[in-house]
Amino acid sequence: MSNKPSRYSCAEYVEKHDLVVYLSDCISEVLLVNQALNTLAKGDLPHPEPPSTARVVADYFRSVSEGTHVLFREFDFVKKTHWNRRSFIKCLYRCYKEVFLSQSCFTAAEILSLCQLLCDDVPGSLIEKCVVSDMGVPITSVPGIPFLNAFRSRLEFDEFLNDSAILFAKPGSLSPGSKSVVTVNLDDAGCHRIPCHGGDRSTNTIGYPDFIGEFSSKPYPIPNPIVLQHLFSSGCNYRSLVRGLINNSDIVKEFPSQTEATEPNLLI
């Protein structure tokens, strides 16, 4: 074992890696397995040798490491941690890579159906928000691989993007000559309009220090500050922020281009 001191205390490490979420979920898995085995033991049918608790725990954390632990789980669990969100995107691509690579465009309803085969309560409004607001394409013609890039950004940073839209719409964030009103898709109830106080949040600009300061204590995932600072270096509005996160090489390098068929390494 290394004698090099850790950057984190035990409590900080547990919090940083959301270990309480996984430990709690693992204990639930152990209890479910035990309950199922007890039910089988009461019947007359032969049943397999029960796995040890250590084996159940090892299998669970192996699935977490591989990112398969989010399959067929409720959406609340998928979005509970940053790793879960990334894992769901990885599973989505691995399950449907041939479909996404073989067909140029889908409808938003078709993409939602694919997502709901892996997580049956993925909200349709999240897909619509990604397609209409982030990608800016019709819901009847959604390119597959670009959708994965956009959905990766939206699922990972949904709360951050929602709050960014509000921040760019605030009075004082407006650049001279900004336009007026815009449709903002902010919640799971669908699209609605919010007042932008005389400015279009897709064109309003704001300085990086003021912007990042708003997110210093937020409990949800935010993009790498280095990436954000780069996007703000040449002036940034809400639209360029969204597009920049979708197209940033640190994000899209984990997905192949539409002509490449190799599987991406999403564990970087």
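The values are calculated or read from the model by the stated rules, or taken from the named source; none is laboratory data. As the structure is a prediction and not an experimental result, all values here were calculated from the model. Note that we place each Cβ from the backbone using ideal geometry, even for glycine, and neighbour counts take in every protein chain shown. Ligands, DNA and RNA are stripped out before the accessible areas are found, and what is left, the full protein with its side chains, is counted by its heavy atoms. Shrake-Rupley method; radii C 1.70, N 1.55, O 1.52, S 1.80 Å.
In the set (1) touching a Gly at 6+ places or on another chain (Cβ under 9 Å); (2) at pLDDT 95 or above, residue 68 fails one condition alone, (1). With the condition kept exactly as written, say whether any residue in the stretch 110-119 is open to solvent by less than 70 Å² (accessible area, probe 1.4 Å), outside any helix (DSSP H, G or I) and modelled with pLDDT of 95 or more. Checked the stretch 110-119: at least one residue is open to solvent by less than 70 Å² (accessible area, probe 1.4 Å), outside any helix (DSSP H, G or I) and modelled with pLDDT of 95 or more.
Taken over the stretch 206-252, the criterion of being open to solvent by 40 Å² or more (accessible area, probe 1.4 Å), among the hydroxyl-bearing types (Ser, Thr, Tyr) and either without any contact (Cβ under 8 Å) to a residue 24 or more places away in the chain or not in a helix (DSSP H, G or I) (or both) is satisfied by 216, 217, 233, 234, 240, 249. Among the residues of the stretch 91-103, are any modelled with pLDDT under 95, buried (at least 16 other Cβ atoms within 10 Å of the Cβ) and polar (S, T, N, Q)? Within the stretch 91-103, not a single residue is modelled with pLDDT under 95, buried (at least 16 other Cβ atoms within 10 Å of the Cβ) and polar (S, T, N, Q).
Among residues of the stretch 34-61 that are under 23 Å from residue 83 (Cβ atoms), those with a beta-carbon under 7 Å from a residue that is at pLDDT 75 or above and aliphatic (A, V, I, L, M) at least six positions away or on a different chain give the pairs 56/30; 56/33; 57/30. Test residue 80 against the criterion of being surrounded by 13 or more Cβ atoms within 10 Å (Cβ to Cβ) and closer than 28 Å to residue 137 by Cβ, and give yes or no. Answer is no for this residue. A search for C-beta distances below 8 Å between a residue of the stretch 144-162 that is closer than 14 Å to residue 99 by Cβ and any residue that is open to solvent by 10 Å² or more (accessible area, probe 1.4 Å) and in a helix (DSSP H, G or I), counting only pairs 6+ apart in sequence or on different chains, returns 144/99; 144/101; 145/101; 147/135.
Residues of the stretch 66-88 that are within 21 Å of residue 218 (Cβ to Cβ) and not aromatic (Phe, Trp, Tyr): 76, 78, 79, 80, 81, 82, 84, 85, 86.
Condition first: outside any helix (DSSP H, G or I) and at pLDDT below 90. Now tell me which residues in the stretch 18-43 satisfy that. 42, 43, listed by residue number.
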